[in-house]
Amino acid sequence: MLKNRVMTALILAPLAVLAVLLLPLDGFAALWGAVILIAAWEWTDLSGLEGVPSRAAAVGVVLAVLLTLRYSAVHWAPSVLPGWFYWPVVGWWFLCGLAFRQFPEKLLQLPYPRGVKLAVGGLVLISAWALMVWLRVNFGPLQVLYLVVLVWVADAAAYFIGKRWGNTKLSEHISPGKTVEGAYGALLGATLFAVAVGLAFRFEAIQVADFAFLSLLTVMASICGDLLESLAKRVRGVKDSSAMLPGHGGLLDRIDSLLAAVAVFYAGSLALGIFLDLDATATPLDLGHSQDIAPLEEPESAGGMPSPPPGPMDAGSSPPSR
């Protein structure tokens, strides 16, 4: 099992890094959208939806929403995502964390209508697509890469520390394999990684502390994402969302943590103005007062007539500069 996990990770990790760093904005949005659609297909099975036509129709709805968000972005989110979009998502994951900690047994006993399960999965996946794409739009590929690697580091630390020292179950009824020690290992790994990255980008001490704190909150949210999918699998009575990835299960099993983490990381990056930059003098960016992210205006065409405004994912758009 471990060998398969390592081999799959060694193949997928470099591809993921290259995709984040090298793909143009629309290419990144399309690839992340494809990942979300595969995860949606797996979620339809966890929701108890049967039959290829029914499952395909559900995935089609997700695709339609993604396309609508993409091509109407200039009207509802021309620069940063509006707070009404991402703060409720952050609140959702906060409530999930409370529920998983306070009454995990009751969560397994509740009746979950198929429509509710489909709606929850759809909202989680769609919001994660938008948040990840706008993280790339507003902050650039390095910010996205940091988030992805942060979740990898936390997952790896939780796995190995939990396997070596884990005794106390984190949420035994929902995910018997997860331990409190593993969770602390994830938080420790995240802290060390965040401090190292903050120092590498020459943040001041208080900025490193803020960055580490945001990374801790992000990893806590990632654990909630993992537990939500574990709950769905327990209710469905399956071990993995699919057998797509050897040693890892399904694609949803690999991105469940990321689906929750991106909400907290995006909101926190905006709130704290943290912007990763290769500039040696980089300091956190105050997005709230930056002129670089002012709402897009309709440029004048050569003939004097207004031309269609570019969306935030159009070629030529870039993350705010310093």
_Complete set of residues in the stretch 212-238 that are among the β-branched types (Val, Ile, Thr), part of a helix (DSSP H, G or I) and within 16 Å of GLU42 (Cα to Cα)_ = VAL235
*Give the residue that is farthest from VAL238 (Cα to Cα), with candidates limited to residues of the stretch 23-40 that are free of Cβ contacts under 8 Å to residues at least 24 places away in the same chain and assigned to a helix (DSSP H, G or I).*
GLY27
*Test each condition in (1) buried (at least 18 other Cβ atoms within 10 Å of the Cβ); (2) modelled with pLDDT of 95 or more; (3) not basic (Lys, Arg) for LEU252 and report the one that comes out false.*
(2)
*asked:* Need the failing condition index for LYS169 against (1) touching a strand residue (DSSP E or B) at 6+ places or on another chain (Cβ under 8 Å); (2) touching a residue at least 60 places away in the same chain (Cβ under 8 Å), just the number.
replied: (2)
*Does the stretch 67-79 contain any residue that is at pLDDT below 95, in a helix (DSSP H, G or I) and among the charged types (D, E, K, R)?*
yes
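Mind checking whether some residue in the stretch 126-138 is over 22 Å from the mean Cα position of the chain (by Cα) and in a helix (DSSP H, G or I)?
No: the stretch 126-138 contains no residue that is over 22 Å from the mean Cα position of the chain (by Cα) and in a helix (DSSP H, G or I).
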_Given the options ALA196, ALA209, ALA157, name the one that is small (Gly, Ala, Ser), crowded, with 18+ Cβ neighbours inside 10 Å, assigned to a helix (DSSP H, G or I) and out of contact with any Pro (no Cβ under 8 Å at 6 or more places or on another chain)._
ALA157
*Give GLY51, GLY60 a once-over and let me know the one that is over 21 Å from TYR112 (Cα atoms) and either surrounded by fewer than 22 Cβ atoms within 10 Å (Cβ to Cβ) or at pLDDT 95 or above (or both).*
GLY60
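Does the stretch 103-121 contain any residue that is of a type in the set (Val, Ile, Thr), within 22 Å of PHE28 (Cα to Cα) and at pLDDT 95 or above?
So in the stretch 103-121, the residues of a type in the set (Val, Ile, Thr) come out as 116, 120.
Cutting the leftovers down to within 22 Å of PHE28 (Cα to Cα) gives us none.
The answer is no; no qualifying residue exists.
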*Provide a single number: the residues in the stretch 172-186 that are aliphatic (A, V, I, L, M), surrounded by fewer than 22 Cβ atoms within 10 Å (Cβ to Cβ) and touching a helix residue (DSSP H, G or I) at 6+ places or on another chain (Cβ under 6 Å).*
0
_So, in the stretch 212-239, exactly how many residues are touching a residue at least 60 places away in the same chain (Cβ under 8 Å), among the hydrophobic types (A, V, I, L, M, F, W, C) and surrounded by fewer than 18 Cβ atoms within 10 Å (Cβ to Cβ)?_
1
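The values are calculated or read from the model by the stated rules, or taken from the named source; none is laboratory data. On a predicted model such as this, the values are computed, not experimentally measured, just so you know. Quick reminder, even Gly has a Cβ in these numbers, built from the backbone with ideal geometry, and neighbours come from all protein chains shown.
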